[in-house]
C-alpha cells in the first residue's frame with residue numbers, strides 16, 4: 001500500500017510532483033480520506049465535493065460573497081442615513097428661510113455641504129444689504145438656538161450666511177464642498 005504522505009514528502013520539490021499530486025488526489029478519492037486532514041499536509045484541494053468538507057476556494061468564495069453582501073448592506077444603510085439627514089436638512093433650512101422672511105429679509109439660495117453622514121452644513125446666500133443690516137443679528141440668534149435644539153449624535157447641522165456680492169463666485173462655493181442647492185429656492189429664482 002502507498003503511503004501518501006511519503007509521496008508528498010519525496011516529490012514536493014520536483015517536477016514530477018504535479019503528476020504525483022494527481023495520483024494523490026486520485027488515491028484520496030478512492031479511499032475517501034477526509035479532505036480536512038489531507039489539506040493539513042498538502043497544498044492540494046480535491047476537485048470533488050464531499051458532503052461535509054469544503055475546499056479553500058469554497059471558503060474564499062463564501063467569504064467574498066458574504067463580504068460583498070455585507071458591504072452592499074452597509075452602503076445601503078449609510079445611503080439611507082445620508083438621504084434621511086439630507087431631507088431633515090432641507091426641512092430645517094426651510095424653517096430658517098421662514099424665520100429670515102418673517103424678519104423682512106430675503107434669501108437668494110442655500111447650499112448644502114455633507115461633511116460626514118451625520119454632519120451637515122447649510123450656507124445661505126442673502127442680499128448684501130440684508131446681510132449688513134444690524135437687525136440681521138436676530139437671525140444669527142435664532143439659528144444658534146435652533147442648531148442646539150436639532151443636533152444629536154445622528155444629526156448635526158450648522159447654518160451659516162454669506163452676502164451676495166459681485167465677488168461671490170459659485171465655483172468657490174462648490175470647491176468648498178457645497179455641492180447641493182436647495183431646490184425650492186433655486187426654483188423661486190427661475191420664476192422671478
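The values are calculated or read from the model by the stated rules, or taken from the named source; none is laboratory data. What you are looking at is a predicted structure, and each value in this text was computed from that prediction instead of being measured. Neighbour counts run over all protein chains shown; Cβ positions are idealised from the backbone, glycine included.
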Any residue in segment 101-112 that is free of Cβ contacts under 8 Å to residues at least 24 places away in the same chain and on the phi > 0 side of the Ramachandran plot sitting within a Cβ distance under 7 Å of a residue that is assigned to a loop (DSSP other than H, G, I, E, B) and surrounded by 12 or more Cβ atoms within 10 Å (Cβ to Cβ)? List the pairs, counting only those 6 or more apart or interchain. none
Cβ contacts < 6 Å: first residue closer than 15 Å to residue 155 by Cα, restricted to segment 70-84; second residue in a helix (DSSP H, G or I) and at pLDDT 85 or above, any location; separation 6+ or different chain. Result? none
Looking at residue 109, is it touching a strand residue (DSSP E or B) at 6+ places or on another chain (Cβ under 6 Å) and either modelled with pLDDT under 80 or surrounded by 15 or more Cβ atoms within 10 Å (Cβ to Cβ) (or both)? yes
Take the residues of segment 163-174 that are surrounded by 12 or more Cβ atoms within 10 Å (Cβ to Cβ) and out of contact with any helix residue (DSSP H, G or I) (no Cβ under 7 Å at 6 or more places or on another chain): which is nearest to residue 105 (Cα to Cα)? 168
Report yes if some residue within segment 119-141 is within 30 Å of residue 172 (Cα to Cα), modelled with pLDDT under 90 and surrounded by 12 or more Cβ atoms within 10 Å (Cβ to Cβ); otherwise report no. no
When restricted to 156, 160, 93, the only residue touching a residue at least 24 places away in the same chain (Cβ under 8 Å), surrounded by fewer than 14 Cβ atoms within 10 Å (Cβ to Cβ) and in contact with a helix residue (DSSP H, G or I) (Cβ under 9 Å, 6 or more places away or on another chain) is 160
Assess whether residue 144 counts as being within 15 Å of residue 96 (Cβ to Cβ) and within 30 Å of the chain's Cα centre (by Cα). yes
